[in-house]
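Reviewing the structure listed below.
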Amino acid sequence: MEIPAKYDPLLTEDKWYKYWMDNGFFHSDPDDREPYTVVIPPPNVTGVLHMGHMLNNTIQDILVRRARMQGKNACWVRGMDHASIATEAKVVAKLKSEGIDKNELTREEFLDHAWEWKEKHGGIILGQLKKLGASCDWKRTKFTMDDDMSESVIRVFVDLYEKGLIYRGVRMVNWDPQAKTAVSDEEVNYKEVRSKLYYIRYNSDGEDGYVTIATTRPETILGDTAVCVHPGDERFKNLHGKKVFVPLINRSVPIILDEYVDREFGTGALKITPAHDINDYEIGDKHNLEVIDIFNDDGTLNEKAQLYIGEDRFAVREKIVKDLEIAGHIVKIEDFINKVGYSERTDVAIEPKLSMQWFCKMTDIAKPALENVLNDNVRFHPPKFKNTYKHWMENVKDWCVSRQLWWGHRIPAYYLPDGGFVVAETTENAVALAREKSGNKELTIDDLRQDEDVLDTWFSSWLWPISVFNGINEPENEDYNYYCPTNDLVTGHDIIFFWVARMIITGYEYRKAQPFRNVYFTGMVRDKHGRKMSKQLGNSPDPIELMKKYGADGVRVGMLLCSPAGGDLLFDESLTEQGRNFGNKIWNAFRLVKSWEIDEKIEQPESSKKTIEWFKNILNHEIENINNLYEKFRLSEALMAVYKLFWDEFSAWYLELVKPVYTKPVDKKTYKQTLEFFDILVKLLHPFMPFITEEIWQLIDDRKTGESLMVEKMPDSESYDENIVAAFERVKEIISGVRNVRNENGIAQKEQLNLKIKGKYNKEYNSCILKMANLSSIDETKTKIDGVVSFMVKSAEFYIEIGNWVNVEEELKKLTEELEYNKGFLTSVMKKLSNERFVQNAPEKVISMEKQKRDDAEAKIKVLEERIEHLK
């Protein structure tokens, strides 16, 4: 078969992905093999592929493909998250563009539109992942609002409610005025912003005088119900028990005393707005203050504010400052930098708001999840994230799980006509419980009103490793008991609280076991300048376009080349180019081997025998190293090890040593062994570069229909001799030394040279040195030779007779520089060996190595000094 001159990823990738799909290589069913299970962090149904997805899914695919080739029953479960806030926002925007107001629709009508949008636009990302080569089990694709997934969510909510862990109450929550819903503490991002600190005068009630407060939010004074001072603050002793007027609306409010007040901040007097600040709420609750909520759900002011009704909170801030100035209440305004919370979903400033919500108690159910990460039943890679996790879990707060949306899992709480509510998995159960609670046997579902809210999206995601195998609804089903606990979770450290911690919680709450054994945390993908990627900066490349340009394999390699576990990835497009170039290197090496003519009659040269022996040993040494790196989740280093094995050892040395002279044939033994090595190398490369390796593997030999590299056995490391590996490193140094002499003296490779050696060296590789260095002979000498160029490897000295080519002045300069370097090196070694603390505390092996360095350096210095003397 003729092999194309260039590898074309665009032709290859679709062909092999279809072949893998058609042959069902991605699908998994329980059997007698050891399972290897990975569940994808489900992307939002609204999502499209970005660089973070590329990194995360490349890593998952590498782990899954390797496990499959190790003979494990690999199951990689794909899926999507319904993304309540993001999806509802998309649907509302679509309706708005069509002239439809969500508020004019019934819930059922809106959900019809939402499902229609999901079917039409949702899940684009899953198709895009196929371009990357993701070898997931598409037949197992799940969606968090599938019937069985929804059933699991509702069942868990009811169970936690019955255990007393879910409760309903009025609490201060983080309110997103754009999405018009509460969000959890973990969904709030705090940013430093340039604000103003407004000093505002509150006049006394019933006497002359005033008190000045400082606030960054003057619009909230309309909800003030007290001013608070520290009881020990002498400046305000005369105000104890007095009242002041809230500016502009003249509401009389008490001056209260509380040690919470920071006497150093502002003026030392604090305005109290219980409805719009969590700390004010707690003070208000303690002092039994009135709570006046002045905001509508969209962040506009309501009738309780008395002024600026219907206007946006930020517009009111500007207006009220002007009105306060006119009325003489502004004392001064200062620039001020403070932290403001923003919604993680909409990037809108959060409004603290008192609201009736549903909460999940976290303190007790979090304890097993903390214990089993600290004892490494669940291992974090890198382990530094254990401290972050520990801090959060030890300070975990109750989780607000309700959201004021329509798209999502509707809370299964049903309100009775005469007050009270019941929580039930089905409407039938709800009616039965309602009849029992009310004593009214005539109640029907029409008499009950289901809660309007839906559950936080993360309330379904925290069940993901269990629910994708239906482990909540059918705890003893075959799939769950075979595939779980899952093996490795690959995710970003930014959702360690949102998702990872909560999944571990439900794992121990519902299965008394870890949901996964390892968590590999990826870093954030940034540009090469360290900036976060964003559309605004224009520094976020389109992954699909990158794959068109460099091929999926090139992009996968490029991502891994700069991706340490847990560390941010500084993406540079030149790395994907490097990945593509590596693919071209592999392809060209394969074409070279396949172009050789075979002569079955000729004997295998000695140089080929020795080279094959060496490469077998270096290959097995590197397979062992690569496996160790995999076990430690050092995947970038594993890739680099395979990369160097192929590029440096196989291409640069092995192929150069065994390839036949131009136009001459190769012996059959060498050719066969070279293809066997190629077969092993593409297997090692396959998890990283699935497409090009499949293409080459199919061309190495005649393959039957249904055969594929991706289900071949991954090579195991066999025994190897480190002495052979080390000896060949000396051979490389000798060959490189001859090449350097040629380059420095302008001697063409075609000119044969004679090499003489004084000192110890391994003669059994002479055939390799003769071929690669193009030497006419290698002879030993016991005496120094004058008028020649020399170099050293260890303590052996090598001489090359080059007649009139030698430049004595240049040679002396080179030898003098080498002498000075070795003297400096010897000085550094001697400092260590003369350090008593080092000698007493260092392992014996380390001291022995330092002594060997000393001996080698001294020998080299002696030889160099003699060489210089001979040339003078």
Considering only DSSP states other than H, G, I, E and B, which GluC sites (Glu not before Pro) in segment 727-759 qualify as loop sites with at most 13 other Cβ atoms within 10 Å?
751
Whenever you get a sec, line up 607, 595, 828 from highest to lowest accessible area (probe 1.4 Å, protein heavy atoms).
595, 828, 607
So for the chain, taking the charge dipole from beta-carbon charges (+1 Lys/Arg, -1 Asp/Glu), which of 615, 768, 62 sits furthest toward the positive end?
768
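Give me the dipole magnitude in Debye, nearest 20, for segment 262-345 about the Cα centre, with unit charges on the beta carbon: positive for Lys and Arg, negative for Asp and Glu.
200
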When Lys and Arg each count +1 and Asp and Glu each count -1, what net charge do the other residues less than 12 Å away from residue 376, Cβ to Cβ, add up to?
+2
So for segment 69-123, if I pair up every lysine 8 or more residues apart or on another chain, how many of those pairs have alpha-carbons under 27 Å apart?
10
Calculate the FRET efficiency for residue 189 and residue 240 from the Cβ-Cβ distance with a Förster distance of 51 Å, rounded to the nearest 0.05.
0.80
Nearest-ten-degree value, helix 722-745 long axis tilted from longest Cα axis of the chain:
70
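Given a cut-off of 29 Å, name the pairs among 386/713; 831/862; 814/853 whose C-alpha atoms lie farther apart than that in the structure shown. Write down the numbers at each step before the final one.
Working: 386/713 35 Å; 831/862 20 Å; 814/853 22 Å.
With Cα atoms farther than 29 Å apart: 386/713.
Hey, got the dipole for segment 173-269? About the Cα centre, +1 on K and R Cβ, -1 on D and E Cβ, debye to the nearest 20? The partial results should precede the final answer.
Values: 12 positive and 16 negative charges, 84 e Å.
Result for segment 173-269 is approximately 400 debye, rounded to the nearest 20.
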Keeping all protein chains in the complex and leaving out DNA, RNA and ligands, what accessible area do you get for residue 742 with a 1.4 Å probe, in Å² to the nearest 10?
10
Say the dipole of segment 233-307 comes from +1 at the beta carbon of Lys and Arg and -1 at that of Asp and Glu; which of 249, 274, 260 then lies farthest toward its positive end?
249
Efficiency of FRET from Cβ geometry, residue 672 and residue 776, R₀ 41 Å, rounded to 0.05
0.85
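When the gyration tensor of segment 1-124 is built from Cα positions, what are the square roots of 5 times its three eigenvalues, in whole Å, from largest to smallest? Each step should come with its number before you reach the end.
Working: eigenvalues 299, 83, 34 Å².
Equivalent ellipsoid of segment 1-124: 39, 20, 13 Å, largest first.
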Using a Debye calculation, one point per C-alpha and no hydration shell, please list log10 I(q)/I(0) for the chain at q = 0.05, 0.09 Å⁻¹ in order.
-0.45, -1.03
Once segment 42-89 is represented by equal point scatterers at the alpha-carbon sites, with solvent omitted, what log10 I(q)/I(0) does the Debye formula produce at q = 0.23, 0.32 Å⁻¹?
-0.86, -1.12
Take the Cβ-Cβ distance between residue 699 and residue 138 as r, set R0 to 30 Å, and report the resulting FRET efficiency rounded to the nearest 0.05.
0.65
On a straight-distance basis, which aspartates and glutamates could pair with residue 15 in a cross-link, Cα separation under 16 angstrom, same-chain partners fewer than 8 positions away excluded?
553, 694, 695, 707
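Carbon and sulfur together cover what percent of the accessible area of segment 637-786 at a 1.4 Å probe radius?
On the way: 3180 of 6910 Å².
Carbon with sulfur: 46 percent of the solvent-accessible area.
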Output needed: percent of Cα pairs per 5 Å distance bin for segment 104-232, bins running from 0 to the one holding the longest distance.
2, 6, 7, 10, 13, 13, 10, 9, 8, 6, 6, 5, 3, 2, 1, 0
Taking only DSSP H segments of four or more residues, each worth -39500 (n - 2.57), what value at 222 nm results for the chain once the sum is divided by all its residues, to the nearest 500 deg cm²/dmol?
-13500 deg cm²/dmol
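Based only on the alpha carbon positions, what is the Kirkwood hydrodynamic radius of segment 719-767, in angstrom? Walk me through the intermediate numbers first.
Values: mean 1/r = 0.0801 Å⁻¹.
Hydrodynamic radius (Kirkwood, Cα pairs) of segment 719-767 is 12.5 Å.
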Assigned charges on the beta-carbon of Lys, Arg, Asp, Glu; the chain dipole about Cα centre (debye)
2620
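Rg/Rh for segment 260-363: what does it come to with C-alpha atoms and Rh from Kirkwood?
Values: Rg = 15.9 Å, Rh = 16.2 Å.
My calculation of the ratio gives 0.98.
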Of all GluC sites (Glu not before Pro) in segment 331-425, the ones in DSSP coil with at most 16 other Cβ atoms within 10 Å are 425
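Determine, for segment 526-607, the count of lysine pairs separated by eight or more sequence positions (or lying on different chains) whose alpha-carbon distance falls under 22 Å. List each step's numbers first, then the result.
Details: 528/548; 528/549; 535/548; 535/549; 548/585; 549/585; 585/594.
Taking the Cα cut-off of 22 Å, the pair count is 7.
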Quick one, can you get me the convex hull of the C-alpha atoms of segment 187-226 expressed as volume per residue in Å³?
94
Out of all Cα-Cα pairs in segment 340-385, roughly what percent, to the nearest whole number, are more than 17 Å apart?
63
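Got the relative contact order for the chain handy, in percent, Cα pairs under 8 Å and 6 or more residues apart? Before the final figure, lay out the partial values.
Numbers: 1459 pairs, mean separation 107.5, N = 872.
Once divided by the residue count of the chain, the mean separation gives 12 percent.
Remind me, what semi-axes does segment 672-763 give for its equivalent ellipsoid, largest first in whole Å, using sqrt of 5 times each Cα gyration tensor eigenvalue? Don't skip to the answer; put the middle values down first.
Numbers: eigenvalues 314, 68, 26 Å².
Output for segment 672-763: semi-axes of 40, 18, 11 Å.
Among 266-275, 443-452, how do they line up from the highest to the lowest mean number of other beta-carbon atoms within 10 Å?
266-275, 443-452
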Checked segment 311-433 against the a/c 1.5 cut and the a/b vs b/c comparison, axes a ≥ b ≥ c from its Cα gyration tensor; verdict oblate
Roughly how far apart, in whole Å, are the Cα centres of segment 846-870 and segment 237-255?
89
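On the accessible surface of segment 1-116, probed at 1.4 Å, how many percent belong to carbon and sulfur atoms? Kindly include the intermediate steps, with their values, before the conclusion.
On the way: 2720 of 5100 Å².
Carbon and sulfur together cover 53 percent of it.
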Can you sort 138, 407 by 1.4 Å-probe accessible area, starting with the largest?
138, 407
Measuring from centroid to centroid over Cα atoms, what is the spacing of segment 265-313 and segment 2-53 in Å?
54
When the accessible area of segment 430-534 is split by element with a 1.4 Å probe, what percent falls to carbon and sulfur?
46
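Do any GluC sites (Glu not before Pro) in segment 1-101 lie in a loop, going by DSSP, with at most 14 other beta-carbon atoms within 10 Å of their beta carbon, and if so which?
Values: sites: 2, 13, 88, 98; in loops: 2, 98.
Hits after loop and neighbour filter: 2, 98.
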Solvent exposure, largest accessible area first (probe 1.4 Å, DNA, RNA and ligands not counted), of 374, 111
374, 111
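Quick one: of 756/851; 616/794; 271/332, which pairs are farther than 21 Å apart, Cα to Cα?
Working: 756/851 29 Å; 616/794 25 Å; 271/332 16 Å.
Over 21 Å apart, Cα to Cα: 756/851; 616/794.
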Enter the accessible area per residue of the chain (Å², integer; probe 1.4 Å; all protein chains in place).
46
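The values are calculated or read from the model by the stated rules, or taken from the named source; none is laboratory data. All figures in this text were calculated on a predicted structure; none of them were measured in a lab. Here the Cβ is made from the backbone with ideal geometry for all residues, glycine too, and neighbour counts use every protein chain on show. We work out accessible area using only protein heavy atoms, side chains counted, and drop any ligands, DNA or RNA first. Shrake-Rupley method; radii C 1.70, N 1.55, O 1.52, S 1.80 Å.
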